[in-house]
Amino acid sequence: MEAFINGMSAISPQITFTCEKLLQEVMEYDKVRYLKCIEPQYKEFIDAMASRRMSRIIKMGVTSALKCLYDAGIKNPDVIIAGTGLGCIEDTEKFLNIMYTNEEKLLNPTNFIQSTHNTVASTIALMLNCHNYNNTYVHRGFSFESALLDGLMFLQEGSANTVLVGGLDELTTNSFIITDRLHFWKKTSINNLNLLDYKTKGSLAGEGAAFFALNSQKTERSIAKIISLNTFYKPEGFSEIEEKISTFIQKNAGDADKIDLILMGMNGDLFMDKIYYHLKNSLFNHIPCAYFKHLCGEYDTSSSFALYLASSILKEHNVPVVVRLDNKPINEIRNILIYNHLRNVNHSLILLSSC
């Protein structure tokens, strides 16, 4: 299942939407427990009247998708697929609050309509007047990977030429409070760039939206090539994880020595990061390693930010110092393996190569 990324766009806590060069300016957040997106000027992409009726996640998703299509030179994709772990939380909260305060009477339907998980993908289709295949996957830590897999299958079957795939999740005050009670996040404020220095339980909450325009054929716009994708669920231990990753590499790259960089989803949680450190010192012992969640935070579809980061690295042939985990020399960047897991439940692998 191969595909070329011919356009991409990301709205994140970093300056990714308007930057000309990857991480040209790294955003450092001191004394924080979560990271919020740096939102662009939506008026360049969305009509002002329509924008007023949209929540943050809808505006972020739509704007990121439209810029992605513009960069890829696509007016109307054959397929639109989104992945989201929690969907439009802000609209859901608004609807529930109004339903409670109004005692379930005289309810405004707008918040209910926009609270559904497929709102972003359908809004993109409405704005483009696109009547083609449109789907949204809500599979927790596999949400983006499921959307990406669906898009790759369309291209492999030859039933689509251009596929728009994205992953997005938002963070609200209430969602942070609820998940904080579940001990997902660190209990003290931290500096995001020093995330791995805090050897405690919990991570740094985040959010983001990233979209990719995929094509089965290479063009002059091609940024990177997706070689393969794989997921596995609730592995029993380190040995099973090593076995699955080794099998994936042997099948798709031939040998671990052909991987030039490993991009891992370390999130600062003392217990959840154990597998990453184990792999770094065993299976990936001779391969340069990097990480990304200190830049975007932890959320269900953070692997979409990782794909954006890895694709940008392949495009610019440069690994920013801020993401490096070691000083191992990198002569040439041709193949990057993204390995991420969400709370040791949803594990995913994405292999990329340069065009």
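Here are some notes:
- Note on the chain: Kirkwood radius taken over Cα pairs, Stokes-Einstein applied at 25 °C and 0.890 mPa s, translational D equal to 120 µm² s⁻¹.
- The gain in end-to-end length when the Cys19 to Ile38 segment is fully stretched comes to 5.7 nm, 0.36 nm per residue minus the alpha carbon separation.
- Span-like helix ranges in the chain, DSSP H, alpha carbon extent 15 angstrom or more, Kyte mean at least -1.0: 56-72, 89-101, 143-157, 238-252, 302-316
- Charge dipole (debye, nearest 20) of segment 3-215; +1 at Cβ of Lys and Arg, -1 at Cβ of Asp and Glu: 480
- For Met266, the residues 5 or more places off, or on other chains, whose built amide H falls under 5 Å of its own are Phe292, Lys293.
- The distance between label points at Leu270 and Tyr70 comes to 4.7 nm (points 7 Å beyond Cα on the Cα→Cβ vector).
- Packing around the peptides 205-214, 76-85, taken as the average count of other Cβ atoms within 10 Å per residue, puts them in this order, highest first: 205-214, 76-85.
- The packing ranking of peptides 321-330, 116-125, highest mean first, is 116-125, 321-330, where packing means the average number of other beta carbon atoms within 10 angstrom of each residue.
- Amide H contacts under 5 Å for Thr136: Ala82, restricted to partners 5 or more places along the chain or on a different chain, H placed in the peptide plane at 1.01 Å from N.
- Given R0 = 51 Å, the distance between the Cβ atoms of His317 and Phe112 translates into a calculated FRET efficiency of 0.60.
- Around the amide H of Leu325, modelled in the peptide plane, lie the amide H atoms of Cys289, Ala290, Tyr291, all under 5 Å away and 5 or more residues distant in sequence or on another chain.
- Loop-resident trypsin sites (Lys or Arg not before Pro) (DSSP state other than H, G, I, E or B) in segment 201-293 with no more than 16 further Cβ atoms inside 10 Å of their Cβ: Lys201, Lys218, Arg221.
- Residues listed by number, segment 95-132, amide nitrogen under 13 Å from Ala50 label point at 7 Å toward C-beta: 120-130
- Computed from label points 7 Å out along Cα-Cβ, the spacing between Asn102 and Lys328 is 5.8 nm.
- Inter-label distance, Asn161 to Asp30: 5.4 nm, where each label sits 7 Å from its Cα along the C-beta direction.
- Extension reserve of the Asn194-Lys258 stretch, reckoned as 0.36 nm per residue once the Cα distance is removed: 20.0 nm
- When Rg and the Kirkwood Rh are both derived from Cα coordinates, the Rg/Rh ratio for segment 225-353 amounts to 0.91.
- ³J(HN,Hα) computed for each position of segment 344-350 - Karplus, 6.51 cos²θ - 1.76 cosθ + 1.60, integer Hz, glycine/proline x: 6, 10, 9, 10, 9, 10, 10
- Too-long pairs where the Cα-Cα distance tops 20 Å, listed order kept, from Lys21/Lys67; Lys31/Lys328; Lys59/Lys94: Lys31/Lys328
- Cβ-derived FRET efficiency at R0 30 Å, Tyr277 paired with Thr219, nearest 0.05: 0.15
- Backbone phi angles across segment 129-137, fed through the Karplus curve with coefficients 6.51, -1.76 and 1.60 (θ = phi - 60°), yield HN-Hα couplings of 6, 9, 9, 8, 3, 9, 8, 10, 9 Hz in residue order; Gly and Pro are listed as x.
- Dipole magnitude for the chain: computed about the Cα centre from +1 point charges on Lys and Arg Cβ and -1 point charges on Asp and Glu Cβ, it is near 360 debye.
A short reminder: the numbers here are calculations on the coordinates, not readings from a lab. Everything quoted here is computed from the prediction, not taken from an experiment. Cβ: placed from backbone, ideal geometry, glycine included. Neighbour counts: every protein chain shown.
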